[in-house]
Structure formats: structure tokens, C-alpha cells
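What follows is one structure encoded as C-alpha cells, with my remarks underneath.
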Amino acid sequence: MKLAFLGSGKMASALARGVVSSGAFAPGDVIVTDVVRTAAEALAKATGATIAVTNAELAARADHIVLCVKPQDAVSALRELGSAIHGKLIISIVAGLSTTVLEEAAGHGARIVRVMPNTPALVAQGAAAYALGSVATDADAEVVEQLFRSVGLIVRVKEPLLDAVTGLSGSGPAYVFTVIEALADGGVLMGLPRDLALQLAAQTVLGAATMVRETQQHPATLRDQVTSPGGTTIAGLEALEKAGLRSALISGVRAATERSRQLGSK
């Protein structure tokens, strides 16, 4: 089976590297293209994939196509391919475009699956969710899960929930980067060297996240385990509660979700 990437940007690069390094697809079974030829060449060199000169050539050679173009270019790209993608699986990582819109552009012969990934896929620690279009099959779902498991976590949801996924895990890395930066700034305020403070902050977030994943315990339970009566942690938590950290993060997810819905409605 041939897997093609229509677009060779950062997320396409992460996915292509992931499927090749995991053995999910052999390098010779991966095809790439991009309007910027050097981007496709760089990805092909990094993965051993082959380059398609045109989108039409890519569609003719591929069994599955990952649509990795900008939102404003996605509909026209699918329409231009026309009958060349009939009977094929199209995996869209294009933000804001529903399966209904994509199916209309691709024609009734194509099967659409919509995925919302996030940037930690670049280091094989991504979190993605997907929804099947009206004619996509369980076999298509297996292909999507195989692809995205190679770069992290993948879960299946109903399509209306993809906006909330966008607000939480899609935009979430930016929230966490801000938390890491703020923790490091706090360390600097208290006298730590900048590079050391950043190193400790990043490792602390990584370690805490790993504990949640591996222990399967609720974050509140893990928090209580490190919060001694009258100790330093409870003093810090009191300050964070007064500053509204919890409320701010909840509001961030809500705002990003609502913005995703607005963009999709356009």
C-alpha cells in the first residue's frame, strides 16, 4: 500500500518520519509532494520517500493520501484531483474544514477521515483525535490509527468534538509552553540561573505528565501525595488558586474551542 503526503510541511514531515521509523510503511511506499520543491526534497531525503512531481501523479500512485495543505488551498486541491482520488482514503489534517466540506470537494468516490493532531508529533509525543466521514470504513480507521500511533496517541471521537479537541490538545502545547516559561521565570526570580531554571521546569512538566499517564491516577490524587500539611507545596498551591491558574486554563480551552467553531462555520 502506498501512502502519500500532499504537502511536506512540519506535520507532514513528523508523520512521514514516524511511519517510516516505526516500520508502519517502508520508505519506498511513501510518496511526497509540495508546491515548494525543496520542502519535498528535504522530506524525501530524510525518510527515503519518493517525490511526485505533480499532485495528479501523487494521486495516481497512492492508495491513501494525507492532506497537509493550508485550509484555503484544501478544497481547490481536492477538486483539481477529481476522479484520480475516487475510491481512495483521504486523511485530512486541515484545520477547520469538516468532512462534509471535504467530501463535497473530493466527490462521492473518496473516503474522508478528519484528524486533529498537535505539534508534539514532531518528537513522537503527539496527541491526535479523528472522526470518520460518511463513507469511511473501519478499515480506514485502522489505517489512521496505525499512522498516528507512530507519532503518539490517537483516539476516535464524533466529529462535533473535534473543536473541543482543538481547544484542548491542538492548542494545548502553547498553554504548556507558557506554563514552562512561567515556572522558569519563577526560578530566575528566586535566584536560579536561566538555563538551569528552564531545564528544571521542562523536566518537571514532563515528569508530572508521565506520572499521570503511567499511574492512571487522577491528577488530584497525585497532587495530594506531594502536598504535605503546612508545607511548601500547599503554600504554592494557595498562591496559584488566588491567581486563578485553574480558571485561566479552563477559559483558555473554552476560548480556543469557540474560535475553532467560528472558523469552521466560515
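For V151, state whether it is modelled with pLDDT under 95, in contact with a helix residue (DSSP H, G or I) (Cβ under 8 Å, 6 or more places away or on another chain), in the same structural domain as S21 (by TED's automatic domain parsing) and among the hydrophobic types (A, V, I, L, M, F, W, C). Yes; evaluated as a whole, the condition is true for this residue. Of the residues making up the range 157-215, those that are within 18 Å of the chain's Cα centre (by Cα) and not in a helix (DSSP H, G or I) number 3.
The combined condition, being surrounded by 13 or more Cβ atoms within 10 Å (Cβ to Cβ), in contact (Cβ under 8 Å) with a residue 12 or more places away in the chain and β-branched (V, I, T), is fulfilled by T257. May I ask you to say which residue of A129, A124, A136 is surrounded by 20 or more Cβ atoms within 10 Å (Cβ to Cβ), outside the structural domain of R223 (by TED's automatic domain parsing) and under 13 Å from the mean Cα position of the chain (by Cα)? Just a single option satisfies the conditions, and that option is A129. Contact map, the range 207-218: first residue under 21 Å from I180 (Cα atoms), second residue of a type in the set (A, V, I, L, M, F, W, C) and in a helix (DSSP H, G or I), Cβ cut-off under 8 Å, separation 6 or more or different chains; pairs are A208/L222; M211/L222; V212/L222. The listed residues are A95, A49, A84, A77, and the only one of them that is within 10 Å of A4 (Cβ to Cβ) and either among the β-branched types (V, I, T) or surrounded by 15 or more Cβ atoms within 10 Å (Cβ to Cβ) (or both) turns out to be A49. Summed over the range 99-113, residues that are surrounded by fewer than 19 Cβ atoms within 10 Å (Cβ to Cβ) and of a type in the set (S, T, Y) total 1.
The values are calculated or read from the model by the stated rules, or taken from the named source; none is laboratory data. Model, not experiment: these values are computed from the prediction. Every residue, glycine among them, receives a Cβ derived from its backbone with ideal geometry; neighbour counts consider all protein chains shown.
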